[in-house]
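The values are calculated or read from the model by the stated rules, or taken from the named source; none is laboratory data. Computed from a predicted model, the values in this text were never measured in an experiment. Cβ coordinates were reconstructed from backbone atoms using ideal geometry, including for glycine residues, and neighbour counts include every protein chain displayed.
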Amino acid sequence: MRRQRSIFQNIDWITVLLYFVMVIAGWLNIYAAVFNQQHDNIFDVTQNYGRQLMWILTALVLIVFVLVIDGKFFDAFAYVVYGVSIISLIAVLFLGHEVAGSKSWFRFGSFGIQPAEFAKFATALALAKYLSTMGIRFSETRTKITCVAMIVIPMLLILLENETGVALVFSSFVLVLYREGLSGGLLLLGVLAVALFILSLVLPKMTLIIALSIIAVVILLLFRNKTLVLPIAGILILSVGVVFSVDYVFHNVLEKHQKKRIDVLLGKETDLKGAGYNLNQSLIAIGSGGFCGKGYLQGTQTKFDFVPEQSTDFIFCTVGEEWGFIGSAVVILLFLSLLFRI
Amino acid sequence: MKFIQGGHRIIFFALFSIVAVIYLARLFFLQVVEDRYKISANSNVLRRITDYPSRGLIYDRNGKLMVYNEAVYDLMIVPKDVKNIDTTDFCKLIGITIEDFSKKFQKAKIYSPYKASIFEKQLSAQTYASFQEKLYKFNGFYCQPRTIRKYPDAIAAHLLGYLGEVDEKVVERNQYYQMGDYIGISGVEQSYEKELRGRRGVRYALVDVFNREKGKFEEGRYDTISVAGENLSLTLDAELQLYAEQLMQNKLGSVVAIEPSTGEILAMVNGPTYDPNLLVGRVRSKNYVTLLKDTLKPLFNRAMQAYYPPGSTFKLTGALSALEENIISPGTSYAHVFTVGSKSVKCHPHPPIALEGSIQYSCNPYFCNVFRSFVESNKYGSSENGYRTWRKYVNSFGIGVKIGVDMPHELKGLVPSVEFYDKIYGKGRWKASTIYSLGIGQGELGITPLQMANITCIIANKGFYYTPHVVKKIGERKNDTRNLLEKHFCLVKPQTFNVVIDGMQRVVEAGTARNASLIKDSIVVCGKTGTAENPHGKDHSLFVCFAPRENPKIVIAVMVENSGFGATWAVPIASLMMEKYLLDTIKRPDVEKRMMEGNLLPDYYYRSLQLQQQKTDTAAIAKKDSLLVVQVNTSFGKSSSYNGKAKP
């Protein structure tokens with residue numbers, strides 16, 4: 001009994017509160033998103049919101065389960081879980097069910113399981129276990145390489161499944177590694193590379209190269225340090241190389257729909273009936289919310305299915321339309337607080 | 001947590017905070033600052049649904065239905081829902097080919113796969129019935145009722161006019177209309193468009209992404225109820241109109257009958273005419289082109305738009321003006337010849353006569369002399385001023401000015417101005433003897449049949465007319481839209497008319513129009529024939545008349561193109577119409593038969609061939625004298641000076 005109490009004493013109640021507020025807000029908004037007159041019972045399990053409730057309850061059971069289980073259990077099984085999820089990622093490539101061009105789902109009747117989702121959690125667990133193992137120092141190159149490998153393996157498998165979006169989520173592990181002591185320079189370099197990629201899609205190449213050169217010269221002039229000349233020149237040449245290779249990557253490596261999405265996102269294309277439809281409709285939904293929103297269940301854009309994938313990927317539209325700027329801000333601040341608590 | 005280093009932790013939080021702030025800023029801009037999205041949201045979910053009112057019906061003066069609405073059905077398609085249909089069966093049902101089907105289907109799909117659009121316009125009730133039975137087999141199709149105009153007697157096509165879809169110009173000019181709406185394009189349908197169409201209703205419905213209705217917008221606060229169009233009662237007598245059309249069949253020309261005491265148009269006939277039912281529904285555009293190409297111009301509203309030389313009927317106006325100005329008196333007589341240089345105008349042998357007799361015998365020299373006396377009178381100082389005064393009188397009879405009839409596209413006729421003659425002959429280089437043919441209704445005069453009837457109304461009323469009009473009642477109230485109750489006076493005083501009317505009575509009783517007499521039925525008819533020379537072939541046959549002499553009930557002007565003397569065709573047609581209208585029986589079936597069966601069309605076809613030849617000729621002249629050609633093109637009465645032939 002004493003043991004039990006100590007577990008509950010250790011609980012960070014604020015985080016739990018944040019969690020429950022967000023879960024309930026999510027559930028209510030899913031109800032609003034798929035609301036229709038025939039099924040107005042929020043507990044109706046034939047509808048998305050009913051199922052969401054089922055998942056919430058299941059998750060609660062799991063939470064209690066996880067809390068009750070000794071921490072050592074995870075310590076012991078971290079690698080096993082990781083291994084199983086890697087195997088399932090491989091298995092789904094052969095046995096999976098193809099949905100909209102990506103092969104990432106196992107189907108069991110009306111339920112589906114996406115191993116990639118489990119892989120996220122498994123990778124995090126394994127990484128934590130690895131880094132907390134006695135004698136492992138993050139400053140060692142070997143450790144770094146192992147960490148990167150642990151992240152990259154599931155990421156590549158998911159890429160093979162054609163779930164680029166999920167794979168990209170894995171890149172956020174860089175943030176975790178940074179928190180664990182990864183050099184800030186690496187992070188900065190990554191951010192700069194992405195910025196460069198986007199800029200070279202938006203701006204003409206020559207303009208960009210001239211701008212980069214000017215920045216390099218300005219830095220050199222500011223510091224007047226001879227030892228800087230070589231690395232800066234190197235970075236400059238590398239950047240120019242990136243600028244020139246972007247076109248190739250963009251046109252030959254990326255899929256057509258990916259190219260289109262990037263174009264639409266950058267505002268280079270406004271294909272309102274095709275790739276830009278989702279973007280435009282979500283903008284309309286969120287933008288029409290105003291400061292206070294249209295009121296719960298009063299959103300017309302979301303209720304009448306103008307935004308696709310309303311109850312899942314585009315759920316934020318419902319928040320934006322029905323709760324307005326105030327509601328959207330609350331959701332963002334909730335997420336921020338949660339991130340700060342972890 | 002043990003590995004977290006202080007510096008990294010701060011940067012870590014800073015990074016998240018920056019992202020959050022960027023999100024918030026963007027959201028603020030999207031939701032609070034920008035209002036473009038609010039408008040887009042409304043256009044997404046709000047659907048304006050138009051509720052079309054039924055167009056007003058049209059009755060004749062006796063309450064006989066002339067125009068009504070028949071239900072037709074626009075076949076609508078929602079391309080997305082079209083699945084597994086038997087195309088062959090479908091095409092056979094609505095009478096199109098498979099190629100048509102795929103073309104129309106593609107068109108609809110390009111417009112929108114989700115939104116309904118018109119697949120085939122205006123299916124008839126029969127087609128609709130057989131289609132409706134099998135509708136369950138054709139997913140994605142449904143029918144939407146609409147109405148088209150129907151004309152049970154198929155008469156008065158020009159007067160009633162027709163409907164057509166609005167074009168972009170109309171939509172731009174008038175906010176009421178939207179693409180796809182119908183609008184009156186000619187006749188009463190056009191001039192009373194506002195009254196007939198009623199007011200469209202609009203309701204705003206909320207729709208989802210598949211365009212399915214989800215309910216009213218704000219409990220219908222912005223919805224308006226449609227108001228049905230008003231019915232019109234015409235002044236037209238459908239029976240008389242039908243009879244006149246029968247008499248005019250296979251002839252070119254026009255008949256206008258007016259009730260002089262009110263200005264109400266009783267009949268208005270064009271020859272050739274067409275069946276107004278041809279210009280409705282799916283066959284409209286095809287028929288329209290056929291009618292347009294017809295060399296006899298069945299679409300041409302001769303009654304209001306054709307310029308004819310009035311010929312001898314115009315002598316009445318000339319005589320009245322001269323009497324009023326004291327140029328002549330009822331007793332004035334002239335030598336029995338009118339001489340201009342080497343040319344002279346003669347008449348058939350009759351004793352020297354005064355005004356009344358001259359009207360009776362339609363004496364050309366007499367009226368040439370009257371015209372000369374008028375224009376050259378010392379009163380005015382110069383022939384220019386004399387002519388100007390003469391013209392003022394003519395204008396006061398509603399010639400050369402628009403009368404203001406309540407139908408569109410009325411032309412004002414042609415009375416040459418002083419400046420016109422100055423241009424042709426040079427200033428001060430023309431006088432009465434140059435243009436004397438005006439005195440007998442020839443020369444550069446162009447008068448529409450409606451104007452001929454209106455002049456006769458002025459004579460029948462002794463000095464005034466009410467604006468001729470065709471709509472008597474709008475709904476249940478009297479037509480008060482266009483100053484119809486206002487008397488318009490001409491410059492001639494009432495007492496002046498008596499002698500001219502005496503002459504007109506004698507024309508019918510003992511002159512050129514004896515055929516028109518109804519004296520046996522104790523009705524005194526007054527009239528005047530005309531035989532107008534024209535450059536297109538045989539003379540036009542003309543007759544204007546009114547009856548009874550006291551309290552006239554009807555005025556008729558008849559114009560039959562290229563058919564010879566006034567007495568041959570125009571007089572019998574007018575007299576039969578008077579019989580029909582005043583006595584309601586036809587006592588001369590032989591005359592009726594001769595008129596109805598008289599077919600002048602072969603002559604006209606011959607004429608149209610000649611006319612083509614002439615066009616080539618005038619094109620050559622065009623280069624020499626553009627002024628003259630303008631004249632030729634705008635009027636049927638090309639300058640044709642009188643050649644001295646006797647004209648009854």
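Among the residues in region B:168-176, are any on the phi < 0 side of the Ramachandran plot, of a type in the set (Phe, Trp, Tyr), more than 14 Å from chain A (Cβ to nearest Cβ) and surrounded by 20 or more Cβ atoms within 10 Å (Cβ to Cβ)? Steps first, answer last, please.
Narrowing region B:168-176 to residues on the phi < 0 side of the Ramachandran plot: B:168-176.
Going one step further and asking which of them are of a type in the set (Phe, Trp, Tyr), we end up with B:176.
If we keep only those that are more than 14 Å from chain A (Cβ to nearest Cβ) too, we end up with B:176.
Narrowing further to those that are surrounded by 20 or more Cβ atoms within 10 Å (Cβ to Cβ): none.
No: region B:168-176 contains no residue that is on the phi < 0 side of the Ramachandran plot, of a type in the set (Phe, Trp, Tyr), more than 14 Å from chain A (Cβ to nearest Cβ) and surrounded by 20 or more Cβ atoms within 10 Å (Cβ to Cβ).
Is one or more of the residues making up region B:496-507 charged (D, E, K, R), surrounded by fewer than 24 Cβ atoms within 10 Å (Cβ to Cβ) and in a helix (DSSP H, G or I)? Steps first, please.
First, the residues of region B:496-507 that are charged (D, E, K, R): B:502, B:506.
Remaining after also requiring surrounded by fewer than 24 Cβ atoms within 10 Å (Cβ to Cβ): B:502, B:506.
Still in the running and in a helix (DSSP H, G or I): B:502, B:506.
Yes, region B:496-507 has at least one match.
Suppose we filter region A:40-81 for residues that are outside the structural domain of A:GLN9 (by TED's automatic domain parsing) and over 25 Å from A:GLN9 (Cβ atoms); how many remain?
5
Quick one: is B:THR496 within 28 Å of B:ASP60 (Cα to Cα), in contact (Cβ under 8 Å) with a residue 60 or more places away in the chain and not acidic (Asp, Glu)? It would help to see each step written out before you state the result.
Working: within 28 Å of B:ASP60 (Cα to Cα): no; in contact (Cβ under 8 Å) with a residue 60 or more places away in the chain: yes; not acidic (Asp, Glu): yes.
Spelling it out, it is not the case that B:THR496 is within 28 Å of B:ASP60 (Cα to Cα), in contact (Cβ under 8 Å) with a residue 60 or more places away in the chain and not acidic (Asp, Glu).
Kindly provide the set of residues from region B:572-590 that are among the acidic types (Asp, Glu) and at negative phi, ordered by number.
Step one: filter region B:572-590 for residues among the acidic types (Asp, Glu), giving B:579, B:584, B:590.
The answer is B:GLU579, B:ASP590.
Residues B:LYS214, B:LYS169: which one is more than 30 Å from B:PHE489 (Cβ to Cβ) and in contact with a Leu (Cβ under 8 Å, 6 or more places away or on another chain)? Walk me through it before giving the result.
Working: B:LYS169 fails: in contact with a Leu (Cβ under 8 Å, 6 or more places away or on another chain).
The match here is B:LYS214.
Quick one: B:ARG36 ticks every box in (1) at pLDDT 85 or above; (2) more than 27 Å from A:TYR178 (Cα to Cα) except a single one, so which number is it?
Going through the list (1) at pLDDT 85 or above; (2) more than 27 Å from A:TYR178 (Cα to Cα), B:ARG36 breaks only (1).
Search region A:131-141 for residues being part of a helix (DSSP H, G or I) and more than 16 Å from A:VAL174 (Cβ to Cβ), and hand back the single one that is nearest to the other protein chains (Cβ to nearest Cβ). Reasoning before the result, please.
First pass over region A:131-141, keeping only residues part of a helix (DSSP H, G or I): A:131-132, A:141.
Retained after the next criterion (residues that are more than 16 Å from A:VAL174 (Cβ to Cβ)): A:132, A:141.
Values: A:SER132: 9, A:THR141: 17 Å.
Residue satisfying both the conditions and the ranking: A:SER132.
Being in a helix (DSSP H, G or I) and out of contact with any Phe, Trp or Tyr (no Cβ under 7 Å at 6 or more places or on another chain) is the filter here; which residues of region B:408-426 pass it? Walk me through it before giving the result.
Here is the first cut: in region B:408-426, the residues in a helix (DSSP H, G or I) are B:418-425.
Hits for region B:408-426 are B:GLU419, B:PHE420, B:ASP422, B:LYS423, B:ILE424, B:TYR425.
Being within 12 Å of chain B (Cβ to nearest Cβ) and without any contact (Cβ under 8 Å) to a residue 40 or more places away in the chain is the filter here; which residues of region A:163-176 pass it?
Step one: filter region A:163-176 for residues within 12 Å of chain B (Cβ to nearest Cβ), giving A:172, A:174-176.
Residues satisfying the conditions are A:SER172, A:VAL174, A:LEU175.
Collect the residues in region B:153-173 that are assigned to a helix (DSSP H, G or I) and of a type outside the set (A, V, I, L, M, F, W, C), keeping them in residue-number order.
B:HIS158, B:GLU168, B:LYS169, B:GLU172, B:ARG173, listed by residue number.
Among the residues in region B:179-197, are any more than 14 Å from every other protein chain (Cβ to nearest Cβ), surrounded by fewer than 22 Cβ atoms within 10 Å (Cβ to Cβ), of a type outside the set (Lys, Arg) and in contact with a Ser or Thr (Cβ under 7 Å, 6 or more places away or on another chain)?
For region B:179-197, residues more than 14 Å from every other protein chain (Cβ to nearest Cβ), surrounded by fewer than 22 Cβ atoms within 10 Å (Cβ to Cβ), of a type outside the set (Lys, Arg) and in contact with a Ser or Thr (Cβ under 7 Å, 6 or more places away or on another chain): absent.
Looking at this structure, is B:SER373 modelled with pLDDT of 90 or more, surrounded by fewer than 19 Cβ atoms within 10 Å (Cβ to Cβ) and not in a loop (DSSP other than H, G, I, E, B)?
Working: modelled with pLDDT of 90 or more: yes; surrounded by fewer than 19 Cβ atoms within 10 Å (Cβ to Cβ): yes; not in a loop (DSSP other than H, G, I, E, B): yes.
In short, yes.
Of the residues B:VAL525, B:VAL507, only one is within 30 Å of B:TYR59 (Cα to Cα), modelled with pLDDT of 90 or more and over 26 Å from the mean Cα position of the chain (by Cα); which? Working first, answer last.
Details: B:VAL507 fails: within 30 Å of B:TYR59 (Cα to Cα).
When all the criteria are applied, what remains is B:VAL525.
Just for helices (runs of 4 or more DSSP H) wholly inside region B:541-648: which have at least 1 residues that are modelled with pLDDT of 90 or more and touching a strand residue (DSSP E or B) at 6+ places or on another chain (Cβ under 6 Å)?
On the way: elements: B:570-578, B:589-597, B:601-624, B:626-634.
In region B:541-648, the matching helices (runs of 4 or more DSSP H) lie at B:570-578.
Given the residues B:LEU30, B:LEU15, B:LEU46, B:LEU24, which is the only one that is buried (at least 17 other Cβ atoms within 10 Å of the Cβ) and either within 9 Å of chain A (Cβ to nearest Cβ) or touching a strand residue (DSSP E or B) at 6+ places or on another chain (Cβ under 8 Å) (or both)?
Values: B:LEU15 fails: buried (at least 17 other Cβ atoms within 10 Å of the Cβ); B:LEU46 fails: buried (at least 17 other Cβ atoms within 10 Å of the Cβ); B:LEU24 fails: buried (at least 17 other Cβ atoms within 10 Å of the Cβ).
Going through B:LEU30, B:LEU15, B:LEU46, B:LEU24 in turn, just one is buried (at least 17 other Cβ atoms within 10 Å of the Cβ) and either within 9 Å of chain A (Cβ to nearest Cβ) or touching a strand residue (DSSP E or B) at 6+ places or on another chain (Cβ under 8 Å) (or both): B:LEU30.
Name the one entry in A:GLY190, A:GLY274, A:GLY181, A:GLY267 that is closer than 30 Å to A:LEU93 by Cα, within 14 Å of chain B (Cβ to nearest Cβ) and either modelled with pLDDT of 80 or more or part of a loop (DSSP other than H, G, I, E, B) (or both). Explain how you work it out, then say what you get.
On the way: A:GLY190 fails: either modelled with pLDDT of 80 or more or part of a loop (DSSP other than H, G, I, E, B) (or both); A:GLY181 fails: closer than 30 Å to A:LEU93 by Cα; A:GLY267 fails: closer than 30 Å to A:LEU93 by Cα.
From the options A:GLY190, A:GLY274, A:GLY181, A:GLY267, the qualifying one is A:GLY274.
Only one of (1) over 25 Å from B:ASP237 (Cα atoms); (2) touching a residue at least 24 places away in the same chain (Cβ under 8 Å); (3) surrounded by fewer than 22 Cβ atoms within 10 Å (Cβ to Cβ) is not met by B:THR467, so which one is it?
Condition (1) is where B:THR467 drops out.
Which of the residues belonging to region A:291-306 are in a helix (DSSP H, G or I) and more than 7 Å from every other protein chain (Cβ to nearest Cβ)?
Taking region A:291-306 first, the residues in a helix (DSSP H, G or I) are A:300-303.
Correct list: A:THR302, A:LYS303.
Please find, within region B:205-232, the residue that is nearest to the other protein chains (Cβ to nearest Cβ) out of those that are at pLDDT 75 or above, out of contact with any Lys or Arg (no Cβ under 6 Å at 6 or more places or on another chain) and surrounded by 16 or more Cβ atoms within 10 Å (Cβ to Cβ).
Restricting to residues being at pLDDT 75 or above, out of contact with any Lys or Arg (no Cβ under 6 Å at 6 or more places or on another chain) and surrounded by 16 or more Cβ atoms within 10 Å (Cβ to Cβ), the top hit is B:GLU230.
Considering only region A:36-94, state which residues are among the charged types (D, E, K, R), at pLDDT 80 or above and under 30 Å from A:TYR296 (Cβ atoms). Before the answer, list the steps.
Pass one, region A:36-94, residues among the charged types (D, E, K, R): A:40, A:44, A:51, A:70, A:72, A:75.
Then drop every residue that is not at pLDDT 80 or above, which leaves A:51, A:72, A:75.
Scanning region A:36-94 gives a single hit, A:ARG51.
I'm checking my understanding of the structure. Among residues of region B:133-152 that are out of contact with any strand residue (DSSP E or B) (no Cβ under 7 Å at 6 or more places or on another chain) and assigned to a loop (DSSP other than H, G, I, E, B), which one is surrounded by the most Cβ atoms within 10 Å (Cβ to Cβ)?
B:PHE138
Can you say whether B:ILE4 is exposed (fewer than 13 other Cβ atoms within 10 Å of the Cβ), at the interface with chain A (Cβ under 8 Å from one of its Cβ atoms) and modelled with pLDDT under 90, as far as the supplied structure shows? Please lay out each step first, then the result.
On the way: exposed (fewer than 13 other Cβ atoms within 10 Å of the Cβ): yes; at the interface with chain A (Cβ under 8 Å from one of its Cβ atoms): yes; modelled with pLDDT under 90: yes.
Criteria met by B:ILE4.
Looking at region A:307-342, which of its residues are crowded, with 23+ Cβ neighbours inside 10 Å, facing chain B (nearest Cβ under 9 Å) and part of a loop (DSSP other than H, G, I, E, B)?
Result: A:VAL307, single match.
Could you give me the residue pairs with C-beta distances under 8 Å whose first residue belongs to region B:52-76 and is under 12 Å from B:VAL471 (Cα atoms), whose second residue is assigned to a loop (DSSP other than H, G, I, E, B) wherever it lies, and which are 6+ apart or on separate chains?
As it stands, the answer is B:ILE58/B:ASN231; B:TYR59/B:ASN231; B:ASP60/B:LEU236; B:ASP60/B:ASP237; B:ARG61/B:THR235; B:ARG61/B:LEU236; B:ARG61/B:ASP237, since those pairs meet every condition given.
Which members of region B:257-284 meet the condition of being within 30 Å of B:ASP74 (Cα to Cα), in a loop (DSSP other than H, G, I, E, B) and polar (S, T, N, Q)?
The one that is within 30 Å of B:ASP74 (Cα to Cα), in a loop (DSSP other than H, G, I, E, B) and polar (S, T, N, Q): B:THR273.
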